[in-house]
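Take a look at the structure below.
The values are calculated or read from the model by the stated rules, or taken from the named source; none is laboratory data. Predicted, not measured: the structure shown is a model, and the values here were computed from it. All Cβ positions, glycine included, derive from the backbone under ideal geometry; neighbour counts span all protein chains shown. The area values use the complete protein model at the heavy-atom level, side chains included, leaving out ligands, DNA and RNA. Shrake-Rupley method; radii C 1.70, N 1.55, O 1.52, S 1.80 Å.
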Number of protein chains: 2
Amino acid sequence: MEYRAPRGTRDILPPESEGWDIILSKLTVRAEEYGYKKVIFPTFEHTELFKRGIGEDTDIVQKEMYTFQDRKGRWLTLRPEGTASLARLFVEKGIDKFNGVSKYYYFGSMFRYERPQSGRYREFYHFGVEALGSDSPYLDVELISLCKDTVESFAIKDYLIYINSIGCSECRSQYILKLGGLLKQVIAYYCEDCRRRVTTNTLRVLDCKIDKHRNAELPILSDNLCPSCSQHYDEVKKGLQTLNINWQENPNLVRGLDYYNRTVFELVTPYLGESTSILGGGRYDQLISCLGGKETPGVGFALGFDRLYQVVYSNNPDFLNSPRKGVYISSPETGLWDKVFRITFDLRNRGLKAECNYQNRSLKSQVKTADKDNYEFFLTIFQKDMVLKNLTTGEEKVYENEEEEKVLVLLSGKGDMS
Amino acid sequence: MEYRAPRGTRDILPPESEGWDIILSKLTVRAEEYGYKKVIFPTFEHTELFKRGIGEDTDIVQKEMYTFQDRKGRWLTLRPEGTASLARLFVEKGIDKFNGVSKYYYFGSMFRYERPQSGRYREFYHFGVEALGSDSPYLDVELISLCKDTVESFAIKDYLIYINSIGCSECRSQYILKLGGLLKQVIAYYCEDCRRRVTTNTLRVLDCKIDKHRNAELPILSDNLCPSCSQHYDEVKKGLQTLNINWQENPNLVRGLDYYNRTVFELVTPYLGESTSILGGGRYDQLISCLGGKETPGVGFALGFDRLYQVVYSNNPDFLNSPRKGVYISSPETGLWDKVFRITFDLRNRGLKAECNYQNRSLKSQVKTADKDNYEFFLTIFQKDMVLKNLTTGEEKVYENEEEEKVLVLLSGKGDMS
C-alpha cells in the first residue's frame, strides 16, 4: 500500500517551512505592536458551537465541516474558522465580565471540506486578529490599518481594501425584505445557488460570481442603513482618512457568515493571476451574547496564510534566501571521528550551527552537502593539522592542532579568519 | 446552552501563551544549531498509516485514536504522534531516494482519547525531532545530547536520562519467546493489562507500573542482544561518555510503539511531584521500509510540550515576566481623540508598541489598564501640551505641542526623556 497525505492536505517542507516562519514572525511582531496577544484554542469544538456561531444556513455549516463523534458519542467538529472558538473562549473564561478592550491573535489550521483547487486546501492556515469590548468605529479602522501594515511589511504594493457596511439586524432585515421582494420577480434567471440562497441567506445573492451582472439595478445595502449604522460607517471612513488609508466601497461585499454586522472588509491582490482575497473580516457585535455571554461588541479579521505565502513568494522569491551560516566538520581518517564529534558539539555549545557526517561518505561528497545546505565553513580534521575553508569565497587556511581553540573562537563569531 | 472547550482540550491564554512562545523559540534555536529543519504535516492522516506505523496492538491504536470518516467515506485519524506522519512524508516526497542524512523538527497538536488527568490532555503538544539516513550510534548520541541541551537551556538541573536497547527484530523476538515462556507460569498473578499484553505486546509487561516488582527475576533484554546490536549499544554509551553526558540504564524501558528498535531513551524530572517523563524516543530502522520506502534507518524523540511548560514554570515562574514596553496614549478631551489616534499609529509605524483607548473611560482607569498591561509610558494629550509619565519610575514631564516630534523620537527609542 502507498501512503499519502489525505486529499486536500499537504506537507510543508524546507525551504517553504522556513518562509512560513519568516512570514509568521512578521505578522506576530506587527500584531504585538498593536497590542494584540496570542491565544491558542483547541483544534475541535462541540459541533453546536459552529452551528450557533457561524449560522445553520451558511455554506460552511451546511456542506464543509469535518464532523465526527468521539468515543462517548459527543459531536465534535474540526474548527472551520477561528472567531467562533475565540468567542467561546471569551465567554467560558468570563472575560466578558471585564470592562476593558481585549485584543487577541491566533495562528493555526482550519478545516473545510471543499473541492481541492490550486492554492485551496481542506486543511489550511489562518492568522486571525480579534478585538472585543468596544463598538468604536476607530477600532474597525485599527483592524483595517493592521491589514494594510501587514501586507506592506512584505513590500506588497499592489492591493485594494474593500469596505462595506451590512448594518445591524434591524436595518439589514428591512433591506433584506425589500431585496427579497425584488429578487422574487427575477430569481428564475439566477443560478441554482442563488435560487436556494434567496430564501436561506438572501444577502449572499449579492456576492455571487455568476450572477453579479444581474444585480446592478438592485438597491444598495449601505444606502439603506439606519441613522446609527450610517453614522458608524461614516466614522470608519473618516478614521481611514485620518490614517491616509485608501479604500474602495464594495456594496456587494457581504461575507458569508451569520455573525457579522456593520463594517465588513476584505483585502485583495492581483498577484495570483486574478483578484484574490487574502484576508477578510468585520464587526460581530452580537456573537458574544448569542453564545450566552454579556453583550460585548467585537471586530476582527482572518488572513489566509497559505495564500499570503504564495503572494509574498510570487512577489519576491528571494525572501527565502538566507545567508550562509555555520560550519560542517569532517575528517578523511576514521580514527579522528571522535575528535570531529567532540568539536561539532563544542561549537554547538558555543551557539554555532554545526554539523558532522554520520555516514561513511567521501570528503568530496560531504563538501558538496555542506555547500548545498548553505554552511559557511567546512573544517577538515587531519592527523597533524586542520584546514578551514570558507565556502563563500573558497579561501582555505591551515591551522596547527594547538590552534584548535583559536579556530573554535573565530568560528563562533568571536574572531576573524586570520 | 453553555459552550465549553471539549473534554480534555483547553485554551492557552496570555501570559501562558507568551511563555509557550519563549519555550518554543528556545527549542527551535537549539534544534537549528544541530542542523534540524522545520516541517509541517497534516493534522490528520489515513487511519491505515497509524495502524501500520505504530502497530495494531498498541494502546494508541487499540483505544486512543480519534478516527472518523470524511464525506467520501475515507477513514481518517487525528495524529496521535508525529513520527508516523514524518515517515509517510519522507516516503511520499521520495526523500528515501536521496542518500544523505535528513534532519527535521516539528511542533503541533497530537490527539489521544485518554482519561483526562491533571496535566494530561486529549489534545496535547509535541515538539519532535527526527534524523533519517544513518544507523550510526553517534546519531543516537546526538539526539540524546539535544535532549540534554534542551532541558539545560531552561536551567533545569534535576533530571535523569534513561537509556536501553531493545535490539533488532531477531534478537528481540528470541528474547520475547524466552520472556513469554517464563511469564506464562506466573502471569495469573499480574494485572489485567499485563495478562492481555503478554500475548499481544509482551515487552510492555516490563514497564507495567503495577507489576514492576514482580519482574526483578526476569532476564534483561539488553543482556540478550545479538553481537551487532550489542556493539551498537556499547558505542552509544561510549559516545555519551565522549560528550560527558550522564545516563542511567533502565532495562524496563521499552516504549509502547511497534516501530522502535535498538536504542530507546527517556528524560525524566522530579519537578511535577513525581518522576515525570518529559520526552522519549528511540531508533526506528524498519519504519520507512515498513511504509513502502527504501530501507532507511532513523532515530528521533518527541518532547511533551505541555509538560515541559509546567516543569519550566514550576522551576522558575519568573520566566514569564517581561520588562515594561511601549506607550499608552490618551486624552481627557474628546475633541483631541483624532490626535490621540494619529499619534498612536505614528508610533506603531516607528516600530513601537502603542495603544489608545477605544472606550469612554476615565483617564484614571486608563492609566490603571496601561500599568496592568505592562506599558512603559503613558502619554496624556491636552489642548496646549502633553504629559509623558514613566510608569516604572512615576516620573512625569510636560512637553509643548511643538515638541511632538521630539516626544515621538524619544519614545521610539531614539532619544532619552530629557
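Restricting attention to the stretch B:115-125, and to residues there that are in a strand (DSSP E or B) and not charged (D, E, K, R), which single residue is farthest from the chain's Cα centre (by Cα)? Outline the logic, then answer.
Taking the stretch B:115-125 as the starting set, the residues that turn out to be in a strand (DSSP E or B) are B:117, B:120, B:123-125.
Checking the rest, the ones that are also not charged (D, E, K, R) come to B:117, B:124-125.
Numbers: B:Gln117: 18, B:Phe124: 9, B:Tyr125: 5 Å.
So the residue we want is B:Gln117.
For a quick check of your reading: which strands (runs of 3 or more DSSP E) sit entirely within the stretch A:344-405 and have at least 2 residues that are at the interface with another protein chain (Cβ under 9 Å from one of its Cβ atoms), acidic (Asp, Glu) and open to solvent by 20 Å² or more (accessible area, probe 1.4 Å)? Reasoning before the result, please.
Working: elements: A:354-356, A:377-381, A:385-390, A:396-400.
Passing ranges: none, list empty.
Considering only residues that are farther than 30 Å from B:Ser365 by Cα, among the aromatic types (Phe, Trp, Tyr), touching a residue at least 60 places away in the same chain (Cβ under 8 Å) and within 12 Å of chain B (Cβ to nearest Cβ), which ones fall in the stretch A:92-132? First the steps, then the outcome.
First pass over the stretch A:92-132, keeping only residues farther than 30 Å from B:Ser365 by Cα: A:107-127.
If we keep only those that are among the aromatic types (Phe, Trp, Tyr) as well, we get A:107, A:111, A:113, A:121, A:124-125, A:127.
With the extra rule that they be touching a residue at least 60 places away in the same chain (Cβ under 8 Å), the set shrinks to A:107, A:113, A:121, A:124-125, A:127.
Passing the criteria: A:Phe107, A:Tyr113, A:Tyr121, A:Phe124, A:Tyr125.
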Could you please find all residues in the stretch A:85-108 being among the small types (Gly, Ala, Ser) and either out of contact with any Asp or Glu (no Cβ under 7 Å at 6 or more places or on another chain) or open to solvent by 10 Å² or more (accessible area, probe 1.4 Å) (or both)?
-> A:Ala87, A:Gly94, A:Gly100, A:Ser102, A:Gly108
Single unsatisfied condition, B:Val312 versus (1) of a type outside the set (Gly, Ala, Ser); (2) open to solvent by 10 Å² or more (accessible area, probe 1.4 Å); (3) touching a helix residue (DSSP H, G or I) at 6+ places or on another chain (Cβ under 7 Å) | (2)
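Within the stretch B:55-62, can one find any residue that is in the same structural domain as B:Ile95 (by TED's automatic domain parsing), among the small types (Gly, Ala, Ser) and modelled with pLDDT under 95? Working first, answer last.
Residues of the stretch B:55-62 that are in the same structural domain as B:Ile95 (by TED's automatic domain parsing), as a first pass: B:55-62.
Now narrow it down to the ones that are among the small types (Gly, Ala, Ser): B:55.
Filter once more, keeping what is modelled with pLDDT under 95: B:55.
Yes, because at least one residue in the stretch B:55-62 is in the same structural domain as B:Ile95 (by TED's automatic domain parsing), among the small types (Gly, Ala, Ser) and modelled with pLDDT under 95.
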Pull up the stretch B:205-223, narrow it to residues that are part of a helix (DSSP H, G or I), modelled with pLDDT under 85 and open to solvent by 30 Å² or more (accessible area, probe 1.4 Å), then point me to the one that is nearest to B:Gln62 (Cα to Cα).
-> B:Asp207
Selection status of B:Leu287, in contact with a strand residue (DSSP E or B) (Cβ under 8 Å, 6 or more places away or on another chain) and not assigned by TED's automatic domain parsing to the domain that holds B:Asn164 | no
Tell me, yes or no, whether the stretch B:76-83 has at least one residue that is more than 30 Å from A:Gly73 (Cβ to Cβ) and open to solvent by less than 70 Å² (accessible area, probe 1.4 Å).
-> yes
Residue count, the stretch A:105-122 (criterion: touching a helix residue (DSSP H, G or I) at 6+ places or on another chain (Cβ under 7 Å) and either outside the structural domain of A:Leu76 (by TED's automatic domain parsing) or among the small types (Gly, Ala, Ser) (or both)) = 1
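So for the stretch B:138-147 (the condition being assigned to a loop (DSSP other than H, G, I, E, B), touching a residue at least 12 places away in the same chain (Cβ under 8 Å) and in the same structural domain as B:Ile23 (by TED's automatic domain parsing)), does at least one residue qualify? Give the derivation first.
Taking the stretch B:138-147 as the starting set, the residues that turn out to be assigned to a loop (DSSP other than H, G, I, E, B) are none.
Checking the stretch B:138-147: not a single residue is assigned to a loop (DSSP other than H, G, I, E, B), touching a residue at least 12 places away in the same chain (Cβ under 8 Å) and in the same structural domain as B:Ile23 (by TED's automatic domain parsing).
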Taking A:Gly326 as the residue in question, decide whether it is of a type in the set (Gly, Ala, Ser) and either open to solvent by less than 20 Å² (accessible area, probe 1.4 Å) or at positive phi (or both).
-> yes
In the stretch B:21-45, the residues that are more than 7 Å from chain A (Cβ to nearest Cβ) and open to solvent by less than 50 Å² (accessible area, probe 1.4 Å) | B:Ile23, B:Leu24, B:Leu27, B:Thr28, B:Arg30, B:Ala31, B:Tyr36
Tell me which residues, restricted to the stretch A:127-148, are open to solvent by less than 10 Å² (accessible area, probe 1.4 Å) and of a type outside the set (A, V, I, L, M).
-> A:Phe127, A:Gly128, A:Glu130, A:Ser134, A:Asp140, A:Glu142, A:Ser145, A:Cys147
Verdict on B:Ile166 being touching a residue at least 24 places away in the same chain (Cβ under 8 Å), open to solvent by less than 40 Å² (accessible area, probe 1.4 Å) and within 30 Å of B:Asn315 (Cβ to Cβ) = no
For the stretch A:323-343, which residues satisfy the criterion of being in contact with a helix residue (DSSP H, G or I) (Cβ under 7 Å, 6 or more places away or on another chain), within 14 Å of chain B (Cβ to nearest Cβ) and not in a helix (DSSP H, G or I)?
-> A:Val327, A:Tyr328, A:Ile329, A:Ser330, A:Ser331
Among the residues of the stretch B:181-196 satisfying the criterion of being open to solvent by less than 20 Å² (accessible area, probe 1.4 Å) and in a helix (DSSP H, G or I), which is farthest from B:Leu253 (Cα to Cα)?
-> B:Leu183
Write out, first by first residue and then by second, each pair whose Cβ atoms fall under 6 Å of each other, whose residues are 6+ apart or on separate chains, and whose first residue, in the stretch B:237-251, is under 15 Å from B:Ile220 (Cβ atoms) while the second is open to solvent by 40 Å² or more (accessible area, probe 1.4 Å) and not in a loop (DSSP other than H, G, I, E, B).
-> B:Gln248/B:Leu160; B:Gln248/B:Tyr162; B:Asn250/B:Tyr162
Mind listing whichever residues of the stretch B:219-229 are touching a residue at least 60 places away in the same chain (Cβ under 8 Å) and within 15 Å of B:Val264 (Cα to Cα)?
-> B:Leu225, B:Cys229
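Condition test on A:Asp258, is it of a type outside the set (A, V, I, L, M), open to solvent by 50 Å² or more (accessible area, probe 1.4 Å) and either assigned to a helix (DSSP H, G or I) or touching a strand residue (DSSP E or B) at 6+ places or on another chain (Cβ under 8 Å) (or both)? Outline the logic, then answer.
Details: of a type outside the set (A, V, I, L, M): yes; open to solvent by 50 Å² or more (accessible area, probe 1.4 Å): yes; either assigned to a helix (DSSP H, G or I) or touching a strand residue (DSSP E or B) at 6+ places or on another chain (Cβ under 8 Å) (or both): no.
The answer is no for A:Asp258.
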Selection over the stretch A:48-68 where residues are more than 10 Å from every other protein chain (Cβ to nearest Cβ) and of a type in the set (Ser, Thr, Tyr) yields a count of 1
Residues of the stretch B:290-335 classified as touching a strand residue (DSSP E or B) at 6+ places or on another chain (Cβ under 7 Å) and basic (Lys, Arg), total | 1
Index of the failed condition, B:Gln185 passing every other in (1) in contact with an Asp or Glu (Cβ under 6 Å, 6 or more places away or on another chain); (2) without any contact (Cβ under 8 Å) to a residue 60 or more places away in the chain = (1)
Is it the case that the stretch A:283-292 has a residue that's over 22 Å from A:Pro137 (Cβ atoms), within 14 Å of chain B (Cβ to nearest Cβ) and open to solvent by less than 10 Å² (accessible area, probe 1.4 Å)?
-> yes
